[in-house]
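Structure first, commentary second.
The values are calculated or read from the model by the stated rules, or taken from the named source; none is laboratory data. Note that the structure is a prediction, hence the values are computed from the model and not measured. Here the Cβ positions follow ideal geometry from the backbone for every residue, glycine too, while neighbour counts run over all protein chains shown.
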Amino acid sequence: MAFLDGEVPPSWVEGAAFVWGCLWGSFVNVAVYRVPRGMSVVHPASHCPGCGAAVKPWDNIPVLSWLLLRGRARCCGTRLSPRYLVVELIGGVVSLGIAQHALRTMPAGATLLHGGAVFLADFALSMALVTAAFIDVEHMYLPDVVTLGGTLFGLATPGLRDMTWKDALLGAAVGYVGVWLPLIVGYKALRGRHGMGLGDAKLVMLAGAWFGWQGAMFALFAGAVQATVAAGVLLLAHGRIEEPEAVRADRAELQKAAAGGDVEAQKALDDDPLGTEPEEGFMAARLPFGPFLCLAIIEWMIGRDLIYGRLPWLE
Ligand SMILES: [Zn+2]
């Protein structure tokens with residue numbers, strides 16, 4: 001990028017991007033907990049999950065605080081999930097990847113304003129995707145605020161990715177219909193139930209809105225490969241793929257209400273593909289697909305200049 005030539009060493013940009021990403025990773029941790037519970041992500045400030053004491057700012061430094069306190073709260077010694085550390089590091093690494101992609105691909109003469117806008121848009125999307133991925137792992141649903149909100153954001157900003165409105169609209173349509181038609185309609189007709197959720201279709205639509213039909217195709221392809229590998233590893237390690245705890249708890253609560261004559265609860269159970277106990281077998285395993293799609297979209301975001309051309313069917 002021209003504005004950096006001889007002025008700011010790239011390693012400074014990369015270091016700043018990593019720290020910036022870790023800081024926002026900390027915020028993603030808050031969102032992963034609060035969004036599914038319908039809580040505000042900004043208020044109240046962080047408090048200890050064990051005793052409820054307010055977390056002091058110097059105990060809330062991303063990555064460092066967790067390591068210095070060895071994963072325990074200072075106030076009462078409650079264990080803090082390693083997920084906090086992992087999500088903060090993911091924020092840092094993804095931010096670094098986006099910065100490197102920008103440094104690699106920005107044309108000479110690009111302004112700081114343009115480079116900053118490209119970085120911030122990609123970064124905002126990536127953090128929303130990381131949030132959605134961890135919510136999907138825990139609760140097996142993808143929030144519309146990420147999938148639909150992210151699609152609209154992508155449709156509004158094609159110029160940041162050297163695309164036209166037509167590319168973005170076509171990509172979104174290919175992404176949604178490409179999942180919805182064969183996988184959902186076809187699978188339901190064959191097996192009488194949903195293969196993937198509509199949330200997955202909306203996520204591939206988002207990929208298309210941001211990165212055109214090639215982005216949507218890559219997300220679906222790489223997402224499927226990664227999900228299959230992960231399912232194999234989980235089966236080898238545990239012998240079976242467990243349904244997430246929160247999904248089981250939600251269903252048990254609805255079943256209890258329905259047994260007590262609650263019509264709304266019974267309707268919710270009937271409408272939800274997760275409303276019945278999971279069947280046995282590899283094909284019926286309840287492994288959320290969203291996290292693998294989110295990973296694939298982020299891979300395309302930061303590496304598409306390197307991937308494109310190695311996959312001839314995307315030309
Ligand atoms: Zn505490």
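Laid out as a table, the results:
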{"item": "Residue in segment 142-163 that is hydroxyl-bearing (Ser, Thr, Tyr), more than 13 Å from the chain's Cα centre (by Cα), more than 16 Å from the ligand (Cβ to nearest atom) and not in a helix (DSSP H, G or I) present", "result": "yes"}
{"item": "Selection within segment 1-29 - β-branched (Val, Ile, Thr), at pLDDT 85 or above and surrounded by fewer than 17 Cβ atoms within 10 Å (Cβ to Cβ)", "result": "VAL19"}
{"item": "Residue match in segment 79-99 (condition: at pLDDT 90 or above, over 24 Å from the mean Cα position of the chain (by Cα) and among the aromatic types (Phe, Trp, Tyr))", "result": "no"}
{"item": "Close pairs from segment 20-39: first without any contact (Cβ under 8 Å) to a residue 12 or more places away in the chain, partner surrounded by fewer than 18 Cβ atoms within 10 Å (Cβ to Cβ) and part of a loop (DSSP other than H, G, I, E, B), Cβ under 9 Å, at least 6 apart", "result": "TYR33/MET39; TYR33/PRO49; ARG34/SER40; ARG34/VAL41"}
{"item": "Identity of the residue in segment 38-64, over 29 Å from PRO143 (Cβ atoms) and away from the ligand (no atom under 14 Å from the Cβ), that ends up surrounded by the most Cβ atoms within 10 Å (Cβ to Cβ)", "result": "LEU64"}
{"item": "Test for ASP136: is it charged (D, E, K, R), modelled with pLDDT of 90 or more and out of contact with any helix residue (DSSP H, G or I) (no Cβ under 6 Å at 6 or more places or on another chain)", "result": "no"}
{"item": "Identity of the residue in segment 77-113, surrounded by fewer than 16 Cβ atoms within 10 Å (Cβ to Cβ) and within 16 Å of the ligand (Cβ to nearest atom), that ends up nearest to ARG161 (Cα to Cα)", "result": "SER81"}
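For every residue, the table says whether it meets (1) within 24 Å of VAL130 (Cα to Cα); (2) within 13 Å of the ligand (Cβ to nearest atom); (3) in contact with a Leu (Cβ under 8 Å, 6 or more places away or on another chain); (4) outside the structural domain of ALA102 (by TED's automatic domain parsing).
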| site | (1), (2), (3), (4) |
| --- | --- |
| SER11 | no, no, no, no |
| ALA16 | yes, no, no, no |
| VAL35 | yes, no, no, no |
| TRP66 | yes, no, yes, no |
